[in-house]
Amino acid sequence: MLTCLNRKRARRNKGGLLLVLICVIVGLAGTSPAQIYLPEPPPAQPSDYGKVIIDTYSTGPNGPGAVVFDHWLHRSKFTCRLCHVDVGFGMKAKSTGIRAATNRQGFHCGACHDGKRVIDGKVVFASCSDDVNSKQCARCHSVGKTGVREYEYKKFTAKFPKSNYGVNWEAAESSGHIRPIDFLEGVSVKREAMKRQENFSIKAGYSWVHPIEFSHEKHTVWNGCELCHPEIFPTVKSGGPTYSITMFENIQGRYCGACHAKVAFPLNNCRRCHPRAPAWVP
């Protein structure tokens, strides 16, 4: 019995290595380096994945310095839909126009960071104090500063379920380790929940790549419907997309890559989408 199991494992490992080799050959054959269908590796430290440096207005000679925004901390408390739809943060860098004045008026970061709102039983500190030298400012404007941020990734996520790259956020939510908020009083609008569409299978472009089993259920927990449709994925009446989605487009930040090349688990984690694929492509 043990011999049989070892043989099966060896076959699976050989199959995974063969798929990686084929990906490389197909990507390299007749293409320039910019056309290779393999994603760039994510940052070495999972804590840096999804990190945003906001420096549009704050790095002048009299400014408080650039802001470090950690997606891992905020996604442990809020859904993506709440921040990118209800609050209105853009999905592309420098597309939102965040300023100290808008924060003080209750927009952008100020939707939560107003010194009054309570999240998880704790008052959220107010953003953009008039005193640029205050320790409170340094909690966000922290580029090049040490010991000023309240939360540290490894300690904060120590009990969260892990994947082969950082936290498995899907498992963290489904297991109750985190309970992301999807409604913000005074910002969100109460509405009847949209009917969730059925899950479906997306056929891969190559016969040796297993199809993707796309789960609307898993995605709507974080995104609702309106974060993805129609801006990222054109809406169809039913079933899967009627248009082509390629790995090249995903790597370029379109379709699935709008999130999975930036914040959600990296495209390198093949098996999370393609069953029996390699667990990770470096």
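Tabulated results
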{"read-out": "Region 78-112: number of residues that are surrounded by fewer than 17 Cβ atoms within 10 Å (Cβ to Cβ), touching a Cys at 6+ places or on another chain (Cβ under 9 Å) and under 24 Å from LYS190 (Cβ atoms)", "value": "0"}
{"read-out": "Residue among LYS116, LYS94 that alone is within 20 Å of the chain's Cα centre (by Cα) and in a loop (DSSP other than H, G, I, E, B)", "value": "LYS94"}
{"read-out": "Answer from VAL189, VAL281 - the residue that is assigned to a loop (DSSP other than H, G, I, E, B), over 16 Å from the mean Cα position of the chain (by Cα) and surrounded by 16 or more Cβ atoms within 10 Å (Cβ to Cβ)", "value": "VAL281"}
{"read-out": "Top-ranked residue in region 54-84 [being among the β-branched types (Val, Ile, Thr) and under 25 Å from the mean Cα position of the chain (by Cα); ranked as nearest to ASP182 (Cα to Cα)]", "value": "THR79"}
{"read-out": "Options ALA126, ALA172, ALA101: the member that is out of contact with any helix residue (DSSP H, G or I) (no Cβ under 9 Å at 6 or more places or on another chain) and closer than 30 Å to THR59 by Cα", "value": "ALA101"}
{"read-out": "Among (1) open to solvent by 60 Å² or more (accessible area, probe 1.4 Å); (2) hydroxyl-bearing (Ser, Thr, Tyr); (3) out of contact with any Gly (no Cβ under 8 Å at 6 or more places or on another chain), the one test that SER201 misses", "value": "(3)"}
{"read-out": "Scope region 205-240; condition surrounded by 15 or more Cβ atoms within 10 Å (Cβ to Cβ) and not in a helix (DSSP H, G or I); matching residues", "value": "VAL209, HIS210, ILE212, PHE214, GLY224, CYS225, LEU227, CYS228, HIS229, ILE232, PHE233, GLY240"}
{"read-out": "Subset of region 241-250 [in contact (Cβ under 8 Å) with a residue 12 or more places away in the chain, assigned to a helix (DSSP H, G or I) and surrounded by fewer than 19 Cβ atoms within 10 Å (Cβ to Cβ)]", "value": "PHE248"}
{"read-out": "Residues satisfying the stated conditions in region 119-156, i.e. within 23 Å of the chain's Cα centre (by Cα), open to solvent by 40 Å² or more (accessible area, probe 1.4 Å) and either of a type in the set (Gly, Ala, Ser) or at positive phi (or both)", "value": "ASP120"}
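The values are calculated or read from the model by the stated rules, or taken from the named source; none is laboratory data. Predicted model only: the values in this text are computed from it and were never measured. Glycine gets a Cβ as well: all are built from the backbone with ideal geometry, and neighbour counts include every protein chain shown. For accessibility, only protein heavy atoms count, side chains too; no ligands or nucleic acids. Shrake-Rupley method; radii C 1.70, N 1.55, O 1.52, S 1.80 Å.
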